[in-house]
Amino acid sequence: MLQPELIQLLTASDLVDLRIDAIPKLQVGFRPGCFFSSSGSQDGEAKLTFIPQQILLNKDHELFEDGDIHRHLYLQNLSTCPAYDSPTARQCEFRCYISGCSQVFSTVEDYEHHYNTLHRHVCSSCQRSLPSARLLDIHIQEWHDSLFSILAERQDMYQCLVEGCGSKFRTRDQRKDHMIKIHKYPSDFMFDKVKRIKNIKIAKKNMLQKGTSMEVSMSVSEPEGVCEVLSDQPEEEEYMEINHSLEPGILDPPSNPINTVELSTDHDTAPILSVTIQPTTNQQRPQHNRERHSYRVPRTVCFGQGSVQGFRGHGRRI
Amino acid sequence: MWRLNAVRHKAGRQGSDLEEFKFKRREHEKELRRARKDSQLVSKRLLLNDDEEEDGTMDTLASDQVVELFNMVRHGRDLVKKEADLRALRKALRSPSAHLILIKQPNSIAILVTNLCGPNPQCRLEAARCLHELSHSPHSEVDSLRLRQATPYLITFLSGQSPKFTELCLYTLGNMCPDSENVRDMLLAQGIIPALNNCIQIHRTNLAVVEAVGFTLSQLISANYVTGTIIPAVLASGLIPRLLSVLTPDSQFGLGPVIECAWCLHYLACSNVDNGALVAQGTLLHCTSLLVTLGVAVAKGSIEEGIELLIWPLLRCVGNLLLSGPLGALQPQLNDSRLLAALCAFPQAFLQTHPALARESIWVLNNLTAAADSSVFCSALFYLNLVPALIQLLPFSHGINIMVLRVLGNIAHQGREYCLHLAQAGLLPALCATLKMADTEVVTFSLEVLGQLMASDPQLAEEFVRQSGLPMLEAIQYSNQETIRLRATHLLEHHLPPHCTVDTSASQ
């Protein structure tokens, strides 16, 4: 309950000098030249506005409500109950602040895991979250570097994804083969094309589940822009088939089961999946042309999943 | 001696089942909250009489029986018989339905008043009890207006010597006070305040009467629209020193009277009519001394049941009185450093049972640390090593962490030394946690405090980065809440050392 130091302070003997004016006063004030933001803000607006303020509370103030209720219960003799269930102090919940995410967590660890999974190493073009800085670099290079595809025609540009390997390949397929053969990756590893998942649910309300990743990508420059882009887009769930075309907003109805949704970006070049996604020749749906990608994310792989940005509905509120 | 059980409300404990009782109490609590929102929060008290201690059954008389009783009282000449009739009438009035029957009788109140002033002491007592029952009536027809004939007599009797009788008169008047402004004006004009002053002086050793005076006064001054005449009259009356003399933690005297007097002082202070006068009469000194005593008791673990009912009004009184003048001028009354320790001890002790009390305790600390000359108190908080105790309250909602952040912000505003000491006490890692919280207001305040810390000394900015605080600020930049987005951006742009990168891909 009470900490020992407090107990000691309060039960100190009379010999101890308890007077406040006997306590040495720390020096007041800031160093000259200290940039105190609320007065010296260079862009003219005071961004930090807190000022110490004494607060006078009148009798009807809402802060006084619980105490008043307790008093009147006592006056009416209803407070002497052994198990008086008054409101107890709650620990604050934690919330992810990434716009559009809004998930709430009861412990810091849960929140940090969420953040590290979904919001770290985020590609600023397509808002995918990659597991590491290196993979982010590769992703950016392979998907958002217009020079890359030009160079790839003449050189081996596709790096092996295994750190330390250093091999490079001319095509994505070659890289994939290399990783399967040499590095013993499973053939269904999420290289470029992912398997179709059978059960696809769409949660209109709950966007993200803890620790899982989302197959969502929207590009966000400003929240307002995103809002406009997405306002007529259906929401997305974690595992789904996504047909992406290079033209934004075009869906591919025949190939979608009814309960999948799609999102397209407003970027012409950005695919909406992870680094390793690419259309492969042996894909299951030959009707797609080279620019149409069909991507799914296996449930067990948290790799190269997109994070959520922009206005996509609301998470659980506190 | 704790009088908590002696004074009962009619609702009482009729349901024998504990669950039923708790359910009723929860419903009741909801009603009270609704009433408070409408500024209609009013309570009345009913004294139980000695021969009714085992109350459980109420003999509800038929209406003609009530009428008959009353007629006997009205016409009776034999005083002994009249006394018996009055007693029977009083018992009948335990049942609310009898109230309506009685007041329909012509001159019913006048007859009671006649007996109230009559020669026979027992008749007086029983008549007073009848009026008391009526003052507590749930029926709106039985209001103070109807009972107004009795008030001048009731007030006069407050200066009398009989404790039991005086107590009855007090509670009757106390029940009438909240009814309307007219009633209060009438009571004021009839001299209730000097009468209360006399009463508490005469009966100062009788805890029941002192409690009743406190209750009646609190009813008078806690009603709405009293600041015009009533509170100035109380302040000028000489009642304050008498109330203060009750604030002694004498366990023999019981908590009941102290509680009532403390609530009176709270209502006086929060009305802000003339808090300077309150302070001049020693209110701040007495309240802080008692808070220290209670803090010591809490530290020793000897928390009596109901002690929070006393701590609450004292905290409120002190909190509001701190604004009555420059803090430097008030300092002689605040010179016991254990007050700060007590203000940190109450939240720890009452966090789970009464979080609102924890919050109000920190509010008092805010008022101590937010004034222009608060540096002595801020220094004292460090000297006594109380800041870690405050930091530990940061995880808690219910407004507690916001108030703590205010206090920490107040301290940080004092200067660079204070910021460094705050960091030494472990504030930076704690802020890293509060920046992640769901409540936007908490994050806003955290950013403010953080900004102040980092602005005061670049070491602190570097320390913040070492504590991995940077990703948090970056994350907040993506929030859809503008207030925190702007502040986070501001901190990143202006207060972090230039070598810190913003690029997440290059981070740890």
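The values are calculated or read from the model by the stated rules, or taken from the named source; none is laboratory data. Every value quoted in this text rests on a predicted model; they were computed, and no experiment measured them. Quick reminder, even Gly has a Cβ in these numbers, built from the backbone with ideal geometry, and neighbours come from all protein chains shown. With ligands, DNA and RNA removed, areas are computed over all heavy atoms of the protein, side chains included. Shrake-Rupley method; radii C 1.70, N 1.55, O 1.52, S 1.80 Å.
What the table below lists for this structure:
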read-out	value
Residues located in segment B:27-42, provided they are without any contact (Cβ under 8 Å) to a residue 12 or more places away in the chain and within 20 Å of the chain's Cα centre (by Cα)	B:E29, B:K30, B:E31, B:L32, B:R33, B:R34, B:A35, B:R36, B:K37, B:D38, B:Q40, B:L41
Segments classed as helices (runs of 4 or more DSSP H), wholly inside segment B:262-339, with at least 3 members that are open to solvent by 20 Å² or more (accessible area, probe 1.4 Å) and more than 11 Å from chain A (Cβ to nearest Cβ)	B:275-280, B:283-300
Helices (runs of 4 or more DSSP H) wholly inside segment B:77-128 that include at least 1 residues being open to solvent by 30 Å² or more (accessible area, probe 1.4 Å), of a type in the set (D, E) and farther than 20 Å from B:L173 by Cβ	B:79-92
Scope segment B:340-368; condition of a type in the set (V, I, T) and surrounded by fewer than 20 Cβ atoms within 10 Å (Cβ to Cβ); matching residues	B:T353
Within segment B:393-434, helices (runs of 4 or more DSSP H) holding 1 or more residues that are more than 22 Å from B:L473 (Cβ to Cβ) and hydroxyl-bearing (S, T, Y)	B:416-424
Count - residues of segment B:167-216 that are free of Cβ contacts under 8 Å to residues at least 24 places away in the same chain and closer than 15 Å to B:A233 by Cβ	1
Criterion: within 28 Å of B:D373 (Cβ to Cβ), more than 9 Å from every other protein chain (Cβ to nearest Cβ) and touching a residue at least 40 places away in the same chain (Cβ under 8 Å) - qualifying residue of B:L428, B:L447	B:L428
Check on B:V246, crowded, with 23+ Cβ neighbours inside 10 Å and not basic (K, R)	yes
Whichever residue in segment B:32-48 is more than 10 Å from chain A (Cβ to nearest Cβ), open to solvent by 50 Å² or more (accessible area, probe 1.4 Å) and at pLDDT below 90 and, among such residues, is nearest to B:E260 (Cα to Cα)	B:Q40
Of all residues in segment B:235-254 being hydrophobic (A, V, I, L, M, F, W, C) and out of contact with any helix residue (DSSP H, G or I) (no Cβ under 6 Å at 6 or more places or on another chain), the one that is farthest from the other protein chains (Cβ to nearest Cβ)	B:A236
Qualifying residue in segment B:437-454 (condition: open to solvent by 10 Å² or more (accessible area, probe 1.4 Å), at pLDDT 90 or above and aliphatic (A, V, I, L, M))	no
Members of segment A:107-141 found to be surrounded by fewer than 19 Cβ atoms within 10 Å (Cβ to Cβ), facing another protein chain (nearest Cβ under 10 Å) and not in a loop (DSSP other than H, G, I, E, B), listed by number	A:V108, A:E112, A:N116, A:A133, A:R134, A:D137
Residue under evaluation B:E482, criteria (1) at pLDDT below 90; (2) within 9 Å of chain A (Cβ to nearest Cβ), criterion not met	(2)
